[in-house]
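The following block contains the structure, expressed as structure tokens.
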Amino acid sequence: MARHYKARKPRAHWVLLTAILLAVAGLLTVHAFLIGTLGTEHASPAGTANGVPAAAREGGAVIDARGDTPRTVRPKDKMLALTFDDGPDPEWTPKILDVLARHNVYATFFVTGANVARYPGLAQEIEDRGHELAHHTATHTDLRAAGETRTWLELRATDLALAWAADRTTALVRPPYAATPESLDDLAWTAALRLGDDGRLTVLSDLDSQDWRLPGVDAIVANSTPKSDAGAILLMHDAGGDRTQTIAALDRLIPDLRQRGWMVGTVTDTTGLRDTDGRPDLLTRLGGLLLVGIVQVAEFTAGALEFLLIAATVVAGLRTILVLATTGMHVRRVRRERPRPVNEPVTVLVPAYNEEKGIEATLRSVLRSRHPIEVIVIDDGSTDDTAHIVRDLRLPRVRLIRQANAGKAAALNTGLAAARTELVVMVDGDTVLEPDAVPTLAAQFRDPSVGAVSGNAKVGNRDGLLGKWQHIEYVIGFNLDRRMYDVLQCMPTVPGAVGAFRRSAVLDVGGVGEDTLAEDTDLTMALERDGWRVVYSEKSVAWTEAPHTLGQLWKQRYRWCYGTLQAIWKHRHAVVERGAAGKLGRRGLPYLLLFQVLLPVLAPVVDVAALFGLLTGDAVTTLLTWLGFLILQAIPAVIAFQLDGERLRPLWALPLQQFVYRQLMYLVVIQSVATAISGVRLPWHKLERRGQSVRV
């Protein structure tokens, strides 16, 4: 039984959630860093060259600063070193490799560590085909502006990636944004000296194909053709954009050069350099394995989150369309089929536990109903003056039954057993009914297939920001979602605040279930599985007091969500059943799991991804996505408020709802799911009441 006791709260999953979010943030940081959206710079503007030796500016394109006296090296006469920057690329690198194989030519590929880690198989393929692998930094950063630490990190990351992907080390480095020796400035020379101190050779270029500008095949061939017999290093690209023109230019350039007696090869083959590459040790390869593994996981995580964002947007859009379409159908049906009033008496059941602040208002509102009624108050072992207040009021047609504390479900079953009418209305001890609520609920039972009716619960204490958020949620939920459930005949819950039932139908399913915390959801599903229809009556208005603090809201929603999970599991076999049960199982349960469990569970990770997108350069897309979600909420909200006759002014709080309220709701779902998995049984959570069910 759901008694009022204090139970242990599971907390370990908060540690797990924090660890997961930190891990996701770390992986997104790795991904953003490696793909160039975080921590990278564009080319620095050219500066002075006062400190650059004239021999370096006039010498070869390979700068060897490993010794005390830097020297330059160039390819031998009529030898062209063919080089490609920025790869490997999954689309273009294989095509360029095929062109080179067709012409039996080998080249040097200056690869970024990021792309090697993302596509290790391509780096291995370059190596296996006999080509030369060389450094182009890890993230394509400008080494002219990088300090010693950043340079070291860029080189070591690329070392590790190449060690694992191709089992290769290399001393050749082409700094990104580097050009010809004549363009060397003081910063570039300092970077070359720093590379030399680390045992590296700086490889510039004599010819720039300009293929990245896509100037046309003729222009690329012209830019790539030496103007004299002096050896040269040619810069081309196998990544960074459309390389169709590069491939076409290669097919023309290589035969033309051969016809003129030129040899085309790698940097080391054409310059005669030796000992520029080698094999890594075991520790370096293991480090490379770790790096490549992290990058692969980061790549998968970023892709998965991008997919989730797109999928969530699509699902939210489809849900909006479905809800609005079914709302229109429900509105037209209600206008066409207004049920006539019935005179059959109704018993109103009021389970009460410590409701001294609101019980009098509840009873007086019920007695104002325009319908023949009897009221039964079931005091469930209250420790305050609830029972005394009811007794001292001496209201007509009100009976008081007192019992030891056994939980709300047991109190309702006690009331059902004492009721003398077929129709019963169940309300909470803080509910205030409108005079027409009971007759409009009762009128729905003219249809003999109807076993239960959901009323329209409204938030009474809506003055504060938290109250406005709950007010918005209630109006949208009751005026759109419940209309949809009614049309689709898969209503999951008749709310405890206001709902009507056939007493015989409830007794036939065993009464109100006492083995879940969401006894209203459990009972509704049980009735539908027994073949009864459950409908929504928007005219049956009741006012309820919403939680006043985030702590109270947490307790209430935690109980609701956990109880809903219990009810879904209890009635899971409805998925394979027929009739009304099948409609619940194949329409209502999947909808609940998708929108009330799965998406909220994924929401924190998606929020982290969205925040990351906002901070790492994709702010426009992120903001547009956020605005799209807001619009998908605002349109239904406006429609729901108009259908319910509510003023639109509270909707100004809707955007703010995304930053506190929504996060609280998905944390509630996460804790509920974790609690369900851990098997901890929760107690009944009693909220503090202030007697503010009716809006002032």
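Across the range 312-333, what is the number of residues that are modelled with pLDDT under 90 and either assigned to a loop (DSSP other than H, G, I, E, B) or surrounded by 13 or more Cβ atoms within 10 Å (Cβ to Cβ) (or both)?
Counting residues in the range 312-333 that are modelled with pLDDT under 90 and either assigned to a loop (DSSP other than H, G, I, E, B) or surrounded by 13 or more Cβ atoms within 10 Å (Cβ to Cβ) (or both) gives 7.
For the range 341-370, what are the residues that are over 16 Å from V427 (Cα atoms) and of a type outside the set (D, E, K, R)?
P341, V342, N343, P345 - these are the residues of the range 341-370 that are over 16 Å from V427 (Cα atoms) and of a type outside the set (D, E, K, R).
Of everything in the range 164-219 that's assigned to a helix (DSSP H, G or I) and charged (D, E, K, R), which residue is surrounded by the most Cβ atoms within 10 Å (Cβ to Cβ)?
In this case the residue turns out to be D211.
Condition first: open to solvent by 10 Å² or more (accessible area, probe 1.4 Å) and without any contact (Cβ under 8 Å) to a residue 40 or more places away in the chain. Now tell me which residues in the range 364-389 satisfy that.
Selection gives R364, L367, P372, S382, T383, D384, D385, H388, I389.
Right, something else. Identify all residues within the range 472-494 that are more than 26 Å from P448 (Cβ to Cβ) and either in contact with a Phe, Trp or Tyr (Cβ under 6 Å, 6 or more places away or on another chain) or of a type in the set (A, V, I, L, M) (or both); write none if there are none.
I472, V475, I476, L480
Also, quick follow-up: Give me a count of the residues in the range 515-524 that are part of a helix (DSSP H, G or I) and β-branched (V, I, T). Reasoning before the result, please.
Step one: list which residues in the range 515-524 are part of a helix (DSSP H, G or I), which gives 519-524.
From what's left, β-branched (V, I, T): 521, 524.
Total satisfying the criteria: 2.
Tell me the residue from A61, A81, A65 that is closer than 20 Å to L193 by Cβ and in contact with a Pro (Cβ under 7 Å, 6 or more places away or on another chain), please.
A61
Answer yes or no: is there a residue in the range 119-130 that is open to solvent by less than 30 Å² (accessible area, probe 1.4 Å) and modelled with pLDDT under 95.
No, there is no match, as no residue in the range 119-130 is open to solvent by less than 30 Å² (accessible area, probe 1.4 Å) and modelled with pLDDT under 95.
Collect the residues in the range 231-264 that are assigned to a strand (DSSP E or B) and surrounded by fewer than 20 Cβ atoms within 10 Å (Cβ to Cβ), keeping them in residue-number order.
Within the range 231-264, just M263 meets the criteria.
Is it the case that L654 is under 25 Å from W554 (Cβ atoms), open to solvent by less than 20 Å² (accessible area, probe 1.4 Å), part of a helix (DSSP H, G or I) and modelled with pLDDT of 85 or more?
Yes: the conditions hold for L654.
Another question, then. Sort out which residues of the range 526-536 are touching an Asp or Glu at 6+ places or on another chain (Cβ under 8 Å) and open to solvent by less than 10 Å² (accessible area, probe 1.4 Å), and write them in order of number.
Hits for the range 526-536 are V534, V535, Y536.
Same structure, new question: What helices (runs of 4 or more DSSP H), lying completely within the range 525-599, carry at least 1 residues that are more than 20 Å from T326 (Cα to Cα) and either without any contact (Cβ under 8 Å) to a residue 24 or more places away in the chain or among the basic types (K, R) (or both)?
In the range 525-599, 550-570 are the helices (runs of 4 or more DSSP H) which contain 1 or more residues that are more than 20 Å from T326 (Cα to Cα) and either without any contact (Cβ under 8 Å) to a residue 24 or more places away in the chain or among the basic types (K, R) (or both).
Kindly state which helices (runs of 4 or more DSSP H) lie completely within the range 426-514 and contain at least 1 residues that are open to solvent by 10 Å² or more (accessible area, probe 1.4 Å) and within 28 Å of G381 (Cβ to Cβ).
Details: elements: 437-443, 465-476, 482-488, 503-508.
The qualifying helices (runs of 4 or more DSSP H) are 503-508.
Considering A352, A409, A417, A361, which residue is open to solvent by 40 Å² or more (accessible area, probe 1.4 Å), aliphatic (A, V, I, L, M) and in contact (Cβ under 8 Å) with a residue 60 or more places away in the chain?
Working: A352 fails: open to solvent by 40 Å² or more (accessible area, probe 1.4 Å); A409 fails: open to solvent by 40 Å² or more (accessible area, probe 1.4 Å); A417 fails: in contact (Cβ under 8 Å) with a residue 60 or more places away in the chain.
Result of the check over A352, A409, A417, A361: A361.
When you scan the range 316-341, how many residues do you find that are of a type in the set (A, V, I, L, M, F, W, C) and either touching a Phe, Trp or Tyr at 6+ places or on another chain (Cβ under 8 Å) or over 20 Å from M484 (Cα atoms) (or both)? Quick ask: steps written out before the conclusion?
Quick first cut of the range 316-341, residues of a type in the set (A, V, I, L, M, F, W, C) only: 316, 318, 321-325, 329, 331, 334.
Among the residues that remain, those that are also either touching a Phe, Trp or Tyr at 6+ places or on another chain (Cβ under 8 Å) or over 20 Å from M484 (Cα atoms) (or both) are: 316.
Within the range 316-341, residues that are of a type in the set (A, V, I, L, M, F, W, C) and either touching a Phe, Trp or Tyr at 6+ places or on another chain (Cβ under 8 Å) or over 20 Å from M484 (Cα atoms) (or both) number 1.
While we're here: I'd like the full set of residues that are in contact with a Leu (Cβ under 8 Å, 6 or more places away or on another chain) and over 19 Å from W469 (Cβ atoms), limited to the range 623-641.
If the condition is that a residue be in contact with a Leu (Cβ under 8 Å, 6 or more places away or on another chain) and over 19 Å from W469 (Cβ atoms), then L623, T625 are the ones that fit.
If you don't mind, another one. Which number in (1) modelled with pLDDT of 95 or more; (2) under 48 Å from the mean Cα position of the chain (by Cα) marks the one condition that G87 misses?
(1)
Within the range 244-285, can you find the residues that are in contact (Cβ under 8 Å) with a residue 24 or more places away in the chain, over 18 Å from S224 (Cβ atoms) and within 47 Å of the chain's Cα centre (by Cα)?
Across the range 244-285, the qualifying residues are T276, D277, G278, R279, P280, T284, R285.
Further question: Could you run through the range 84-111 and say how many residues are of a type in the set (V, I, T) and surrounded by fewer than 24 Cβ atoms within 10 Å (Cβ to Cβ)?
Total satisfying the criteria: 2.
Within the range 495-518, work out how many residues are closer than 16 Å to G455 by Cα, of a type outside the set (G, A, S) and touching a residue at least 60 places away in the same chain (Cβ under 8 Å). Before you say what the answer is, go through the steps one by one.
Going through the range 495-518, the residues closer than 16 Å to G455 by Cα turn out to be 495-502.
Next, from what is left, pick out any that are of a type outside the set (G, A, S): 495, 498, 501-502.
Imposing the further condition that a residue be touching a residue at least 60 places away in the same chain (Cβ under 8 Å) reduces the set to 498, 501-502.
Adding up the residues that qualify gives 3.
Could you identify the single residue in L291, L324, L318 that is farther than 30 Å from L643 by Cα and aliphatic (A, V, I, L, M)?
Criteria check complete, one pass: L291.
Can you find even one residue in the range 594-611 that is modelled with pLDDT under 80, farther than 23 Å from A674 by Cα and under 18 Å from the mean Cα position of the chain (by Cα)? Steps first, please.
Initially, the range 594-611 is screened for residues modelled with pLDDT under 80, giving 599-611.
Subset that is farther than 23 Å from A674 by Cα: 610-611.
Still in the list and also under 18 Å from the mean Cα position of the chain (by Cα): 610-611.
The answer is yes; a qualifying residue exists.
While we're looking at this one, here's another question. Output the number of residues of the range 515-525 satisfying the condition of being over 20 Å from R578 (Cα atoms) and buried (at least 19 other Cβ atoms within 10 Å of the Cβ).
5
With W560, W554 as the choices, which residue is among the aromatic types (F, W, Y) and open to solvent by 70 Å² or more (accessible area, probe 1.4 Å)?
The conditions single out W560.
When you go through G216, G147, G241 one by one, which is the residue that is within 30 Å of I294 (Cα to Cα), at pLDDT below 95 and over 35 Å from the mean Cα position of the chain (by Cα)?
The conditions single out G147.
Based on what the data block shows, is S228 without any contact (Cβ under 8 Å) to a residue 60 or more places away in the chain, of a type in the set (G, A, S), open to solvent by less than 50 Å² (accessible area, probe 1.4 Å) and farther than 30 Å from E148 by Cα? Can you show your working first?
Working: without any contact (Cβ under 8 Å) to a residue 60 or more places away in the chain: yes; of a type in the set (G, A, S): yes; open to solvent by less than 50 Å² (accessible area, probe 1.4 Å): no; farther than 30 Å from E148 by Cα: yes.
Judged against the criteria, S228 is not a match.
Determine, yes or no, whether T48 is out of contact with any Cys (no Cβ under 8 Å at 6 or more places or on another chain), in a loop (DSSP other than H, G, I, E, B), of a type in the set (V, I, T) and buried (at least 24 other Cβ atoms within 10 Å of the Cβ). If you could, list the steps in order and put the result at the bottom.
Numbers: out of contact with any Cys (no Cβ under 8 Å at 6 or more places or on another chain): yes; in a loop (DSSP other than H, G, I, E, B): yes; of a type in the set (V, I, T): yes; buried (at least 24 other Cβ atoms within 10 Å of the Cβ): no.
Criteria not met by T48.
The values are calculated or read from the model by the stated rules, or taken from the named source; none is laboratory data. Keep in mind the model is a prediction, meaning the values are calculated, not measured. Every residue, glycine as well, gets a Cβ built from its backbone with ideal geometry; the counts of neighbours run over all protein chains shown. These area figures cover heavy atoms from the full protein model, side chains too; ligands, DNA and RNA do not enter into them. Shrake-Rupley method; radii C 1.70, N 1.55, O 1.52, S 1.80 Å.
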